[in-house]
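Here, each number is a calculation from the coordinates, and none is a lab measurement. Because the structure is predicted, anything quoted here is derived from the model rather than measured. Reconstructed Cβ throughout: ideal geometry from the backbone, glycine too, with neighbour counts over all protein chains shown.
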Amino acid sequence: MHRFSLFSCLSTVVLAATFQLATAVDADPPSNGVCFCTEYSQISVAVASCTAITLQDIAVPDGGNSIDLSKLKDNSVVTFAGKTTFGFTNSSSFDPIILGGKGVTITSAPGAIIDGNGQAYWDGIGSNGGVPKPNHFIVVKLTSGSVIKNLHIRNWPVHLFTVSHCSDLVMRDMVLDNREGDVPNARSAGLAAAHNSDGFDVGSSTNVLITNTTVYNQDDCVAVTSGNNITVDNMYCSGGHGLSIGSIGGKSDNTVTNIKFSNSVVVDSSNGPRIKTNFDTTGLVSNITYSNISLQNISSYGIDVQQDYLNGGPTGSPSNGVLLENILFDNVTGTATSSAKNYYVLCGEGSCKNIVFQNVDITGGQKSSSCNFPESGCPT
Ligand SMILES: *[C@@H]1O[C@H](CO)[C@@H](O)[C@H](O)[C@H]1NC(C)=O
Ligand SMILES: *[C@@H]1O[C@H](CO)[C@@H](O)[C@H](O)[C@H]1NC(C)=O
Ligand SMILES: *[C@@H]1O[C@H](CO)[C@@H](O)[C@H](O)[C@H]1NC(C)=O
Ligand SMILES: *[C@@H]1O[C@H](CO)[C@@H](O)[C@H](O)[C@H]1NC(C)=O
Ligand SMILES: *[C@@H]1O[C@H](CO)[C@@H](O)[C@H](O)[C@H]1NC(C)=O
Ligand SMILES: *[C@@H]1O[C@H](CO)[C@@H](O)[C@H](O)[C@H]1NC(C)=O
Ligand SMILES: *[C@@H]1O[C@H](CO)[C@@H](O)[C@H](O)[C@H]1NC(C)=O
């Protein structure tokens, strides 16, 4: 960082003087500058002018303001530093952070934290009504060797990362902590205050790696709803709904192929591996591997495959329009609670092919496991 460079959007040392310079930059943007921003209002100039941008202690004001990094220059590096905070926006149709570009790196300085001010929104019902909430805290549209790394994020209002139409993207080394939302608040009628707080929702994306990340939340740790060649590795997932494919069917993209979940731990969650598809829709779920997944204290299903979702919930009646094929569970082990089922597989008529359980051993669940596929039934 060159504090006194023409290309600073603001120097913390000489406020007034550099503000003048920042205005000059506006008129004649450098092609490759360094911008150091300490105010929300400086970000748009920085994005238009610089490829090395630091966002230091940014306080995003109330009223629908996004940290809009959707048009970053190619190969930009954006560093969040200090504490990034958000006001309140009474709307469900804005995105607090938008990331877009080619070959972009989004990272944090040591000790930095991004706090989504979930407390201003949480009411126990997430995106199902109540207080208007930004449904997607960080919308990611990055391609071509982009990396998101080292972020420490807490208190996101509803879903955290929405990864859509991305390719060649790595997301790694993050701590995503929504534990404060486990506690009921005055609006949540005794329920966990945070709801629908998925860590990663991935759709219509290819060649994505999500790795070495800890997620404490109240819904899917990772949910892949469409896309090809997506790897989710070395995750620690706590408090949520597990490592999910789905729900698939009835969306604009209903094909999910070549997905690997590996070397991960899922604790204190309702499910471990889970694949769910929607009733009377069409789609393809092919080449899915869960390997070396360790489970602990799983309260609904250790491993869950269901083809009976309708209006967001299971009905018990599966349909067969979404084909599930080449699904491997390899070395998925651990414990479920006594009120859980270790295994549950509910396939439609003829719509599951080649589902294999290998070295799978989940214990503790006392409700009878039930698997209508493969013909040999649940693992024993
Ligand atoms: C948010 O807007 C709704 C109308 O959409 C209104 O009923 C509510 O009072 C507003 N809440 C706040 C905190 O401004
Ligand atoms: C994993 O991520 C943590 C930060 O959450 C980091 O400290 C650690 O170095 C990373 N491990 C590897 C092998 O990159
Ligand atoms: C799949 O994605 C990974 C990145 O996660 C990439 O290294 C690999 O080349 C991709 N495979 C294919 C066949 O494109
Ligand atoms: C299995 O996953 C765990 C993390 O849960 C990891 O520590 C271990 O190295 C993995 N084992 C292999 C053989 O990759
Ligand atoms: C088991 O997980 C539930 C959340 O599903 C949590 O409330 C409970 O404290 C956990 N139990 C233990 C012993 O950690
Ligand atoms: C599934 O994997 C096999 C072997 O790697 C490959 O030949 C096939 O094309 C894949 N299927 C899809 C739908 O990508
Ligand atoms: C199987 O899973 C256990 C628990 O995650 C792990 O310790 C072990 O390394 C895994 N073995 C292989 C071959 O992946």
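Lysines near Lys149 by alpha-carbon distance under 28 Å, same-chain residues fewer than 8 away left out - which ones?
List returned: Lys71, Lys73, Lys83, Lys102, Lys133, Lys141, Lys260.
State, as an integer percentage, the relative contact order of the chain based on alpha-carbon contacts under 8 Å between residues 6 or more apart.
The value is 8 percent.
How big is the chain along each principal axis, measuring the range of its Cα positions in Å and listing the largest first?
Here the spans come out as 75, 44, 34 Å, largest first.
Among Val266, Ser146, Pro61, flag the residue with its Cα farthest along the positive direction of the charge dipole of the chain, charges on Cβ as +1 for Lys/Arg and -1 for Asp/Glu.
Ser146
Students often check this: by mean Cβ neighbours within 10 Å, which of 90-102, 298-310 ranks highest, and how do the rest follow?
The peptides rank, most packed first, as 298-310, 90-102.
Does region 280-352 come out rounded, prolate or oblate by the C-alpha gyration tensor, with a ≥ b ≥ c the root eigenvalues, rounded set by a/c under 1.5 and, if not, prolate when a/b is larger than b/c and oblate if not?
Oblate, since a/c reaches 1.5 and b/c is not below a/b.
Find which of Phe161, Thr363, Thr277 sits farthest along the positive direction of the dipole of the chain, computed with +1 on the beta-carbon of Lys and Arg, -1 on that of Asp and Glu, about the Cα centre.
Among Phe161, Thr363, Thr277, the one farthest towards the positive end of the dipole of the chain is Phe161.
Could you state the number of Å between the C-alpha centres of region 151-185 and region 323-349?
If you average the Cα positions of each part, the centres end up 26 Å apart.
For n ≥ 4 DSSP H runs only, could you compute -39500 (n - 2.57) per run for the chain, divide by its residues and tell me the 222 nm figure to the nearest 500? Numbers along the way, then the final one.
Values: 2 runs with 20 residues, N = 380.
When only DSSP H runs of four or more count, the value is -1500 deg cm²/dmol.
Taking a point 7 angstrom from the Cα of Asn359 along the C-beta vector, which residues in region 326-352 have backbone N less than 16 Å away?
Residues passing the 16 Å test: 328-334.
Rounded if a/c is under 1.5, else prolate if a/b beats b/c, else oblate: with a ≥ b ≥ c from the C-alpha gyration tensor eigenvalues square-rooted, which is region 246-380? Please list the in-between numbers first.
Details: a/c = 1.64, a/b = 1.43, b/c = 1.14.
Prolate is the answer for region 246-380, as a/c is 1.5 or above and a/b outweighs b/c.
Can you compute the charge dipole magnitude of region 60-179 about its Cα centre, using +1 on each Lys and Arg Cβ and -1 on each Asp and Glu Cβ, nothing else charged? Give it in debye, rounded to the nearest 20.
The calculation lands at about 200 debye.
Under a Cβ-only charge scheme (Lys and Arg +1, Asp and Glu -1), can you give me the dipole magnitude of region 175-277 about the Cα centre, in debye to the nearest 20?
Around 240 debye, computed over region 175-277.
What shape does region 127-236 have by the C-alpha gyration tensor, where a ≥ b ≥ c are the square roots of the eigenvalues, rounded means a/c under 1.5, and otherwise prolate means a/b greater than b/c and oblate the rest?
prolate
Work through the residues other than Gly242 whose Cβ is under 13 Å from its Cβ and net out their charges, Lys, Arg +1 and Asp, Glu -1.
-3
Post the alpha-carbon centroid distance, region 192-271 to region 99-140, in whole angstrom.
16
What's the angle, to the nearest 10 degrees (0 to 90), between helix 15-27's Cα axis and the longest principal axis of the chain?
The answer is roughly 80 degrees.
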